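For reference, the structure discussed in these notes is given below.
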Amino acid sequence: MSNSPPESVSPTYCAVCQTPAKLYCSACKLVKYCGAEHQKHHWKQHKTECRPFRVAKDKALGRYLKATRTIKAGSVVFTEMPIIVGPKWYLNEREEKVPVMPCVGCFTPCRMGVHHCPKCRWPTCSPNCGGLDNPSLHGLECTVLMLGPGPADSDPRSLIDYYRSDALVVLKCLLLQRQNPKKWLELMDMQSHEEERIGSELHNDAEKRIVSYLERNFLQRLKTVEQKQKQKYLQEYDTPVLHRICGIIETNYMCINLPSGVELSGVYYTACMMEHACQPNSYFQFDQRNGFKISVIAGRDIGRDEHLVIMYSNMLWGTQMRQEHLALTKHFLCKCARCLDPTEFGTHFSSMLCMGDEGGSCDGIHLPKDPLDVKSDWACTKCPITISGDEVRYILTQMTEEVESLLTRKPTVKKLEGLIEKLTKFLHPHHYHLFNLKHTLIQLYGTETNYLLKHLDDALLNRKMYLCEELYGTCQKLDPNTIRLSIYVGIILYEMHAVLTERAKRLLTNPKRSKGETIEALSYLELAREQLLKAAKILEKELDNVAGSKLSDAVLKSLNELDNLVKKSDQ
Ligand SMILES: C[S@@+](CC[C@H](N)C(=O)[O-])C[C@H]1O[C@@H](n2cnc3c(N)ncnc32)[C@H](O)[C@@H]1O
């Protein structure tokens, strides 16, 4: 027990007798006691709740979580029920165009205009969906949705315009005032960046997409009903509150990927206090069968006083892209070790090649002089040439369009190799654009009709392995504990195993092979097995999503096949 007050917790009362408390549990510094006797008395109960971290606060980060003792890799740091879970906060271009949304009762994907809730007529998986009357799922929002005018017409465009699933998240938040006032207060206590948002692109988007939509269709009607009945249904739902909720969701929401492929958004009071860094030490999982309870898990050993850190952005974006995304949506400049290092932990994930001047070439590399400034000039590591941030941005935007357009239209080995060859003249071989193209390429070498594994000549087989090793090395530097890149690394390891197994098969199918060649084949199989076992371990934490569970199934199937191959080669 300690009597030093924690940085952020206001002193209150003894957990046992409710008299003013002077002492704190030294482990979590969250629970207070009037004296040692009551702490001892409380320990039996508190030891199951005592958390290995506390909430702290500083000027730059706001609130954050700090470990109060060593936390072992893989252990659950804490679990928490959500404040709110609802449909996806941002629909992508395709989702904006198709009349499909998660059922309002159970989040199963369903087509608009087929089944609907008998009361409010919003889309459901079936008219008898169990969630429709459940107040914490659809029951409460149904009362407000019933006030709406319904879609203008029955064509898909009208249905999509009316059934805005993203706006439902905000309505669910508003209804916490009736459903769970404690959670409403917690939600209102969360960071919203509402002042910075005013006049921004995000604010204007929220106004169109959410605020005016809810007001026009439901909330103005609710006001009329309240006036008629001289009774308030909801205390607060004016425009500033709606914008504040949009800001809270934007700043804090977490993506929940369901095995059905549906993505939901969740907000959690304590878990959302975790700060961001581009190399996190923690990750989280959701328990769909238990009300989307979140478990925050240590991705590596975390030392006492270390901050609990997650990643808000995409690990496979270059520093400029991550910075722009964080500044736009979360309103801060990330100053983590990766962002401060122009080489991004030696990966050269954003580095460009120096083109030299007109007179000659140079084999130097261009790096940003100040990686935190998106406008910074880029300087060559070998010659005096610099290029402006604007030029770099222009070149990269052109390349992004080319890369995305190839990856979204069915790419082929030939086209990928062509674009890789072209971009390799300008970019470091480990640049994120090349990483993306090569990661797709390793999966096509071996599966595309003209490039089936058994038909690849040794040179192509070696190329596939070379690319796998190159990509694996980059992933290890960016994410040494494979906290965020499990699926990417799982795929790389799986493709490595494919090459190793193919090499073994080529040796084993030769009836005249020497003893040495048999030994060589068996060592390939052993290596292949090692890669698969590594992949299976890494994928354990991804079993709750479609991509992770599919890949894991493929890995387990290959392990079986490998065992059979080894048995056969022994005979
Ligand atoms: C999900 S909230 C985290 C909790 C928040 N700090 C609070 O006090 O409620 C995200 C916000 O925290 C701050 N934040 C998180 N990570 C940060 C970082 N690495 N540097 C600066 N600010 C950060 C930013 O204001 C960001 O918009």
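Quick one: dipole size for the chain, taken about the Cα centre, charges +1 on Lys/Arg Cβ and -1 on Asp/Glu Cβ, in debye to the nearest 20. Mind dumping the intermediate values first?
Details: 74 positive and 68 negative charges, 392 e Å.
Around 1880 debye, computed over the chain.
Placing +1 on the Cβ of each Lys and Arg and -1 on the Cβ of each Asp and Glu in the chain, which of ALA271, PRO240, LEU340 has its Cα farthest towards the positive end of the resulting dipole?
ALA271
Quick one: Debye curve from the alpha-carbon atoms of the chain only, equal weights, vacuum; give me log10 I(q)/I(0) at q = 0.07, 0.08 Å⁻¹ to two decimals.
-0.54, -0.70
Which percent of the Cα-Cα distances in the range 84-265 go past 19 Å? Show your work: numbers first, answer last.
Working: 9488 of 16471 pairs.
In whole percent, the long-distance tail amounts to 58.
Could you compute the FRET efficiency for THR143 and ALA327, with r as their C-beta to C-beta distance and R0 at 45 Å, rounded to 0.05?
Numbers: r = 39 Å, r/R0 = 0.87.
Efficiency at R0 = 45 Å is approximately 0.70.
At 222 nm, what value in deg cm²/dmol follows for the chain if DSSP H runs of at least 4 each add -39500 (n - 2.57) and the sum is divided by all its residues, to the nearest 500? Kindly include the intermediate steps, with their values, before the conclusion.
Working: 18 runs with 238 residues, N = 571.
Helices in the chain give a 222 nm mean residue ellipticity of -13500 deg cm²/dmol.
Pairs on different chains or at least eight residues apart, Cα atoms closer than 27 Å: how many lysine pairs in the range 76-216 fit?
16
Given points 7 Å out from each Cα along the Cα-Cβ axis, report the GLN191 to THR447 separation in nanometres with one decimal.
3.8
Can you give me the distance in nm between label points at ASN560 and GLU236, each placed 7 Å from the Cα along the Cα-to-Cβ direction?
Computed distance between label sites ASN560 and GLU236 equals 5.6 nm.
Rounded to the nearest 0.05, what FRET efficiency do ARG69 and CYS255 give with R0 = 35 Å and r taken as the Cβ-Cβ distance? Could you check?
Values: r = 30 Å, r/R0 = 0.85.
After rounding, the FRET efficiency stands at 0.70.
Suppose the chain between LEU407 and GLU96 were pulled fully straight at 0.36 nm per residue; how much longer would it get relative to their current alpha carbon spacing?
So the chain would gain 109.9 nm between LEU407 and GLU96.
Given the C-alpha atoms of the range 416-534, compute the convex hull and give its volume per residue in Å³. Walk me through the numbers on the way to the answer.
Numbers: hull volume 13.1 nm³, N = 119.
Cα-based convex hull of the range 416-534, divided per residue, equals 110 Å³.
Are any of the pairs LYS415/LYS512; LYS29/LYS537; LYS57/LYS293; LYS32/LYS57; LYS57/LYS534 more than 28 Å apart by Cα-Cα distance, and if so, which?
Values: LYS415/LYS512 39 Å; LYS29/LYS537 35 Å; LYS57/LYS293 25 Å; LYS32/LYS57 19 Å; LYS57/LYS534 38 Å.
Check vs 28 Å cut-off fails for LYS415/LYS512; LYS29/LYS537; LYS57/LYS534.
Give me the lysines in straight-line cross-link reach of LYS414: C-alpha distance below 21 Å, same-chain residues under 8 apart excluded.
The reachable lysines, counting only those whose Cα sits under 21 Å from LYS414, are LYS422, LYS425, LYS438, LYS454, LYS464.
Since every read-out is calculated from the coordinates, none of them should be taken as a lab result. Source: prediction; values computed, not measured. No Cβ is skipped: glycine too gets one built from the backbone with ideal geometry, and neighbour counts run over all protein chains shown.
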